[in-house]
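First comes the structure, then the notes that go with it.
The values are calculated or read from the model by the stated rules, or taken from the named source; none is laboratory data. All values reported here derive from a predicted model rather than from experimental measurement. Cβ coordinates were reconstructed from backbone atoms using ideal geometry, including for glycine residues, and neighbour counts include every protein chain displayed.
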Amino acid sequence: MTASSLPDPAASRDADAGTGRTRKPASDRQPLTIRAAAECDRTAWDRFVDASPGGTFFHRYAWSDVLQASFGYEPRYLLAEQGADIAGVLPLVHKKSALFGDAMISLPFCSYGGPLAASPAVTEALALRAGALAAQVKAGYVELRGGVPADDDWVKFGDTYATFELPLPPTPDAIIAAIPRKGRKHALRQSLKAGLTFEAHDELDDFYAVLAESYRNLGTPIFHRRYFENLVAAFPGAFRPYVVRHAGTPVAASLAFAYRDHLHPFYAGGTAAARALNANDFLFYNLMCTALAQGLARFDFGRSKTGTGSFAYKKHWGFEPRFLVYGQKLVHGKSLPDLSPLNPRYRALIGAWKRLPLAVSRAVGPHLIRHLG
């Protein structure tokens, strides 16, 4: 609410004296309008996101630039207004895929998203408009990664993905002491004696080389390097690469961002050599220490799918899962897609990808990943 639209409390009391009613603020009595966001809304949009309790880094406006420049997705960002005030936002893109069909998604490759609104009514109105946009362009479905309306038109998934976040212990020693699993604690202590080094970087070469090998070993297509360059450029000062080396060779790396009071290692991976060195444990421990040094209070370990190794790994560090509610709504498609790597249909493809030469996976991966989102 802007200062110019704040109601005069005294005037409200006088107008309703003797009625027993409490007048609503002026903005709540204004009709709700929803329109396409424009470039001139960028600052006000981010101000609303940063002031909202449920606002996340993925709701910030610059993701529209990143997703369009990196993958060709068409931004269809929606802005809800009541009078002069923003009542809600929905970051949304139209993802066109010859392999899996078109979709309206909030947001591809992002852990969190969906409508961010001042009330359930605004959430429902934004989601309804997203469905209308999908129908207009004949997209197969709409997907919201959070903020799913309560109505039954949405197929909700509340046990598929979880995020892991905890307050940081006050000291580096306390971080180690807080790890509940003896095996994980032992692995970290071994890594601290393995001659590993941890470095913050301003360039992406080593990070990208490690991540490309890590993704190939997992059977996952790698992003084009341009995507990470666009992330760093769109959010100045937020993203930074971190690299773990052994005998000068990069073995683990992360691209992490700080937002509000937490550090989030959004992308992370390790080479084949990292396992024997426990280099990933060393990486995450040092990222937590970095967050402490920066005065941050929390560590967001990020999203993992249930039943995966990364899900179990984060629990072994003492992080408890908070399950994320995603929602999909069929529009023009015949059925909702299942793009999960756990889908048995993709098992053979994943196995074949793991056996590709690294140079081939780096060349072909960027052409495939834009379809997965």
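Table for the structure above
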| item | result |
| --- | --- |
| Residue list for region 261-280, filter: more than 18 Å from Tyr215 (Cα to Cα) and either in contact with a Ser or Thr (Cβ under 9 Å, 6 or more places away or on another chain) or among the β-branched types (Val, Ile, Thr) (or both) | Leu263, His264, Leu277 |
| Boolean, Glu199 is in contact (Cβ under 8 Å) with a residue 12 or more places away in the chain and either of a type in the set (A, V, I, L, M) or out of contact with any His (no Cβ under 9 Å at 6 or more places or on another chain) (or both) | yes |
| Odd one out for Arg275, checked against (1) over 23 Å from Lys193 (Cβ atoms); (2) surrounded by fewer than 18 Cβ atoms within 10 Å (Cβ to Cβ); (3) basic (Lys, Arg) | (1) |
| Residue match in region 175-195 (condition: part of a strand (DSSP E or B) and touching a residue at least 24 places away in the same chain (Cβ under 8 Å)) | no |
| Extreme residue, surrounded by the fewest Cβ atoms within 10 Å (Cβ to Cβ), among residues of region 285-308 that are among the small types (Gly, Ala, Ser) and not in a helix (DSSP H, G or I) | Gly295 |
| Output for region 139-170, where each listed residue is farther than 22 Å from Phe109 by Cα and either surrounded by fewer than 16 Cβ atoms within 10 Å (Cβ to Cβ) or in contact with a Pro (Cβ under 7 Å, 6 or more places away or on another chain) (or both) | Ala150, Asp151, Asp152, Asp153, Pro167, Pro170 |
| Unmet requirement for Ser254, which otherwise passes all of (1) within 30 Å of Leu126 (Cβ to Cβ); (2) among the polar types (S, T, N, Q); (3) buried (at least 20 other Cβ atoms within 10 Å of the Cβ) | (1) |
| First in region 87-105 and more than 14 Å from Leu144 (Cα to Cα) and at pLDDT 90 or above, second anywhere and surrounded by fewer than 24 Cβ atoms within 10 Å (Cβ to Cβ) and among the charged types (D, E, K, R), Cβ under 8 Å, 6 or more apart | Ala87/Glu81 |
| Strands (runs of 3 or more DSSP E) enclosed by region 44-102 - at least 2 residues per element that are assigned by TED's automatic domain parsing to the domain that holds Ala233 and within 21 Å of Glu143 (Cα to Cα) | none |
| Top-ranked residue in region 76-86 [being without any contact (Cβ under 8 Å) to a residue 60 or more places away in the chain and aliphatic (A, V, I, L, M); ranked as surrounded by the most Cβ atoms within 10 Å (Cβ to Cβ)] | Ala80 |
| Meets criteria (at pLDDT below 95 and within 21 Å of the chain's Cα centre (by Cα)) for Ala312 | yes |
| From Ser106, Ser97, Ser119, residue being in contact with a strand residue (DSSP E or B) (Cβ under 8 Å, 6 or more places away or on another chain) and more than 24 Å from Phe57 (Cβ to Cβ) | Ser97 |
| Top-ranked residue in region 221-264 [being part of a loop (DSSP other than H, G, I, E, B) and of a type in the set (Gly, Ala, Ser); ranked as farthest from His367 (Cα to Cα)] | Ala247 |
| Selection status of Ala312, among the aliphatic types (A, V, I, L, M) and surrounded by fewer than 16 Cβ atoms within 10 Å (Cβ to Cβ) | yes |
| Scope region 270-310; condition at positive phi and touching a residue at least 40 places away in the same chain (Cβ under 8 Å); matching residues | Asn278, Gly302 |
| Leu166 being under 26 Å from the mean Cα position of the chain (by Cα) and not in a strand (DSSP E or B) | no |
| Residues satisfying the stated conditions in region 338-359, i.e. under 25 Å from the mean Cα position of the chain (by Cα), modelled with pLDDT under 80 and either under 20 Å from Ala212 (Cα atoms) or not charged (D, E, K, R) (or both) | Leu339, Ser340, Pro341, Leu342, Asn343, Tyr346 |
| Among (1) closer than 13 Å to Ile34 by Cα; (2) in contact (Cβ under 8 Å) with a residue 12 or more places away in the chain - the single one Gly114 does not satisfy | (1) |
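This table checks each residue for (1) assigned to a strand (DSSP E or B); (2) over 23 Å from Ala177 (Cβ atoms); (3) assigned by TED's automatic domain parsing to the domain that holds Ser70; (4) hydroxyl-bearing (Ser, Thr, Tyr).
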| residue | (1), (2), (3), (4) |
| --- | --- |
| Phe266 | yes, yes, no, no |
| Leu283 | no, no, no, no |
| Ser310 | no, yes, no, yes |
| Gln328 | yes, yes, no, no |
| Lys334 | no, yes, no, no |
| Arg345 | no, yes, no, no |
